[in-house]
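Let me begin by presenting the structure, written as structure tokens, before commenting on it.
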Amino acid sequence: MDSSQRHYHITTFGCQMNKADSERMAGILEDMGFIWSENPNDADLILYNTCTIRDNAEQKVYSYLGRQAKRKHQNPNLTLVVAGCVAQQEGQQILRRVPELDLVMGPQHANRLEDLLQQVFDGNQVVATEPIHIVEDITKPRRDSTITAWVNVIYGCNERCSYCVVPNVRGVEQSRTPEAILKEMEVLGQQGYKEVTLLGQNIDAYGRDLPGVTETGRHQHTLTDLLYTVHDVSGVERIRFATSHPRYFTERLIVACQELSKVCEHFHIPFQSGDNDILKAMKRGYTHEKYRQIIAKIRDYMPDASISADAIVGFPGETEEQFENTLKLVADIGFDQLNTAAYSPRPGTPAAMWENQLSEEVKSDRLQRLNHLVAQKAAERSQRYLGRIEEVLVEDLNPKDNTQVMGRTRGNRLTFLKGDVNQLRGQIVQVKITEVRAFSLTGELV
Ligand code: SF4
């Protein structure tokens, strides 16, 4: 089938890993001659890259699919693709619910999109969810930004947190080689990208599956070693990484972040709960005391570092007292940002089978109380910026005020300032902070 005049549209749900996968799949489609269509209803190929981290994320895709399935009855040439974690979780079953689908593909198959579509264009309905070794991708991702870029360093996760669906849908850990990552970053530097975020579900596990150990018996390839390897890439001015795991977070990594000038002083380290019994039931593998020590160590080396995290409230069996331990940890640490969620039972996860599930009322009450405290603490944390000169990488126009541009501090704080986006986009500028809010700042160009 001639694809040269065909248009595609990708809708992405969920995390940064999904966004990075969508950018690569868009690159593959454009390599095949497809053209991006902003409006999905003008597209001949629709791809939903899905998320199943919580039930509402999963349900969302079915309403989208329903609309396009109707369209396909009028236009049989429409190609419908569901990718990502719901596709992996449901596999063949999803065809019973949406028989109009042409391709169901798990996250591990993202780089195989062209082969899979060829099978579809040959008249097949394709389901690709078998575990595979992820082939290194040579296609040029169609990135959303021309300033900041995601770079996958490790796929999958070998942890077994009792609430989490990720290992089931993203598979075992597969680290990319340092050489492949370095090459991708060199290309990004040449293309003018100023900031790179290294991505992994559990990025501290980077390299564990790669061969080689040092004399001291430690893995030869670790995230810390990778940071030293990619630090001097020319053109890239800032390096970030996510998502960390307290169980594997090392002082060696903290020292590297302090030493390496391009590595931004922002750490995203989910703690999930402030109660040790809940952490045990979650199979997180650390205590709140260990978590507090990590944050204290980071602040010893980098007192002004930004700390963000994820927390779950309403885990099965969580008592009021245990929830208050989470509130206490949040109050004590003072996070710059905290992503909060009410526990959502996920298919195929141990915790979903447990009897002691809490009611939606209790969960939403706790979520509200936690969010209130988070905003209060974030506002307190933001105060430290007032009157300071901050280094901001300008990314784009402020969509709400076109006399302003927006960007982020090294601490990942969203910052707005007056300026011409054509002059400032991609520039690292000095900004005097004149106004602070819980989760964003305003300032003047110095
Ligand atoms: S570390 Fe735990 S929460 Fe994070 S992706 Fe792995 S299993 Fe899920």
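Descriptive notes on the structure:
- Some residue of the range 247-259 being out of contact with any Phe, Trp or Tyr (no Cβ under 9 Å at 6 or more places or on another chain), under 18 Å from E159 (Cβ atoms), open to solvent by 60 Å² or more (accessible area, probe 1.4 Å) and outside any loop (DSSP other than H, G, I, E, B): yes
- If the condition is being closer than 30 Å to L441 by Cβ, not aliphatic (A, V, I, L, M) and not in a strand (DSSP E or B), then the range 333-359 contributes G334, F335, D336.
- The one condition from (1) within 16 Å of the ligand (Cβ to nearest atom); (2) modelled with pLDDT of 95 or more; (3) out of contact with any strand residue (DSSP E or B) (no Cβ under 9 Å at 6 or more places or on another chain); (4) open to solvent by 10 Å² or more (accessible area, probe 1.4 Å) that S162 does not meet is (4).
- Taking every residue in the range 376-405 that is within 23 Å of G192 (Cβ to Cβ) and pairing it with any residue that is part of a helix (DSSP H, G or I), at least 6 positions away or on another chain, the pairs with Cβ-Cβ distances below 8 Å are V394/V421; V394/L424; D396/V421; L397/V421; V405/V421; V405/L424.
- The condition (being away from the ligand (no atom under 16 Å from the Cβ) and open to solvent by less than 80 Å² (accessible area, probe 1.4 Å)) is satisfied by just one residue among G192, G200: G192.
- Each residue in the range 1-26 was checked for being over 21 Å from E58 (Cα atoms) and surrounded by fewer than 17 Cβ atoms within 10 Å (Cβ to Cβ), and 4 pass.
- Selection over the range 412-441 of residues that are crowded, with 18+ Cβ neighbours inside 10 Å and in contact with a Phe, Trp or Tyr (Cβ under 8 Å, 6 or more places away or on another chain) gives a count of 4.
- Some residue of the range 107-130 being away from the ligand (no atom under 16 Å from the Cβ), touching a residue at least 40 places away in the same chain (Cβ under 8 Å), open to solvent by 10 Å² or more (accessible area, probe 1.4 Å) and out of contact with any helix residue (DSSP H, G or I) (no Cβ under 7 Å at 6 or more places or on another chain): yes
- Matching residues in the range 221-232 - criterion: being surrounded by fewer than 21 Cβ atoms within 10 Å (Cβ to Cβ) and either under 26 Å from G407 (Cβ atoms) or aliphatic (A, V, I, L, M) (or both): L227, H231, D232
- Positions within the range 203-220 being open to solvent by less than 60 Å² (accessible area, probe 1.4 Å), of a type outside the set (G, A, S) and within 16 Å of the ligand (Cβ to nearest atom), in sequence order: I203, D204, Y206
- Consider the range 273-285 and keep the residues that are within 15 Å of the ligand (Cβ to nearest atom), open to solvent by 20 Å² or more (accessible area, probe 1.4 Å) and not charged (D, E, K, R). The one that is nearest to S308 (Cα to Cα) is G285.
- A count restricted to the range 260-282 and to residues that are closer than 24 Å to Y343 by Cβ and part of a loop (DSSP other than H, G, I, E, B) stands at 7.
- Among (1) part of a strand (DSSP E or B); (2) within 11 Å of the ligand (Cβ to nearest atom) - the single one V151 does not satisfy: (2)
- Being basic (K, R) and within 16 Å of the ligand (Cβ to nearest atom) holds for only one residue in R170, R142, R176, and it is R170.
- Among the helices (runs of 4 or more DSSP H) confined to the range 1-104, the ones with at least 3 residues that are among the hydrophobic types (A, V, I, L, M, F, W, C) are located at 16-31, 55-74, 85-90.
- Selection within the range 120-166 - under 30 Å from D277 (Cβ atoms) and among the aromatic types (F, W, Y): Y163
- Restricting the range 303-313 to residues that are away from the ligand (no atom under 16 Å from the Cβ) and crowded, with 16+ Cβ neighbours inside 10 Å, the residue that is nearest to C157 (Cα to Cα): I307
- Scope the range 283-306; condition closer than 30 Å to A352 by Cα and not in a helix (DSSP H, G or I); matching residues: K283, R284, G285, Y286, T287
The values are calculated or read from the model by the stated rules, or taken from the named source; none is laboratory data. Computed from a prediction, not measured in an experiment: that's the story for all the values here. Counting neighbours? That spans all protein chains shown, and the Cβs are built from the backbone with ideal geometry, glycine included. Surface areas here come from the heavy atoms of the whole protein model, side chains and all, with no ligands, DNA or RNA. Shrake-Rupley method; radii C 1.70, N 1.55, O 1.52, S 1.80 Å.
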